[in-house]
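Written out below as structure tokens is the structure these notes cover.
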Amino acid sequence: IEFTLGEGVDLLELEWGENELTLKPFEFHVNDGILTGYLTLTDEIDGLLKISNIGTDILDFLISDDRIKIKGQVFGELSITSGEYSLDYAIDLAIKNGEVASQSFDELIISTFYRDSILHIDDITLIDGDKTGIQIFGVVPHYFEESDPIEIDAIINMKEVDISIFTQFIPDWFALEGVVSGDLNFGGYPNNTIFDFDLSIENGVFEGLK
């Protein structure tokens, strides 16, 4: 991994004082990609990281489980701010020509934001050629307040996805293979979640039975 500072950037500048830390705007060149951003930590938090053509392999040392590693070239930005009741963040990324949970993809789009303890999934889409596809969108509250409950409303749509992308994360009690398509809907509340699904499995095998 080749790592250099951007043109006109002499070093990584930090300023700190009582209850205050500032990381001044920076620019790093990593191989053929660029990282830019800033971070301010005071009574409030404000930070931004912009990514252009950065390989996820620079983070491999942080994740020991290959199943949850995302491989590919990353473009986009991440931001973080302090909200009234929570630490809010936004993610807008496109990861190209990669792999996640043994599923290859041409492009993985992640567009979400977390605000006031609610996860808003605008779009998470995985595309592999003109066959395989996964799309996730909806609203998922983090906390449940009886006085003002917010319902879960999320959908996962799948098209010709190898079921092993899911089964590799559950106990190995039985063998299940196949290619799944359809919709999985989530509703209800965090303490009483409702699942509704309409799925089909092609070339299915359960414990050796086809």
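The values are calculated or read from the model by the stated rules, or taken from the named source; none is laboratory data. Worth saying up front: this structure is predicted, and the values here are computed from it rather than measured. As a convention, Cβ positions derive from the backbone with ideal geometry for all residues, glycine included, and neighbour counts pool all protein chains shown. Accessible surface is based on the protein model in full, side chains and every heavy atom, while ligands, DNA and RNA are left aside. Shrake-Rupley method; radii C 1.70, N 1.55, O 1.52, S 1.80 Å.
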Verdict on Asp148 being open to solvent by 70 Å² or more (accessible area, probe 1.4 Å) and closer than 19 Å to Ile68 by Cα: no
Counted residues in the range 193-204 being surrounded by 11 or more Cβ atoms within 10 Å (Cβ to Cβ) and of a type in the set (S, T, N, Q) come to 2
Selection from the range 182-210 of residues among the polar types (S, T, N, Q) and within 24 Å of Val139 (Cβ to Cβ) yields Asn185, Asn191, Asn192, Thr193
Looking across the range 165-187 at residues that are under 19 Å from the mean Cα position of the chain (by Cα) and modelled with pLDDT under 90, the single one that is surrounded by the most Cβ atoms within 10 Å (Cβ to Cβ) is Ile165
Picked from the range 118-133 (must be open to solvent by 20 Å² or more (accessible area, probe 1.4 Å) and in contact (Cβ under 8 Å) with a residue 24 or more places away in the chain), the residue nearest to the chain's Cα centre (by Cα) is Ile121
So the strands (runs of 3 or more DSSP E) completely within the range 9-80 holding 3 or more residues that are at pLDDT 85 or above are 20-30, 33-41, 45-55
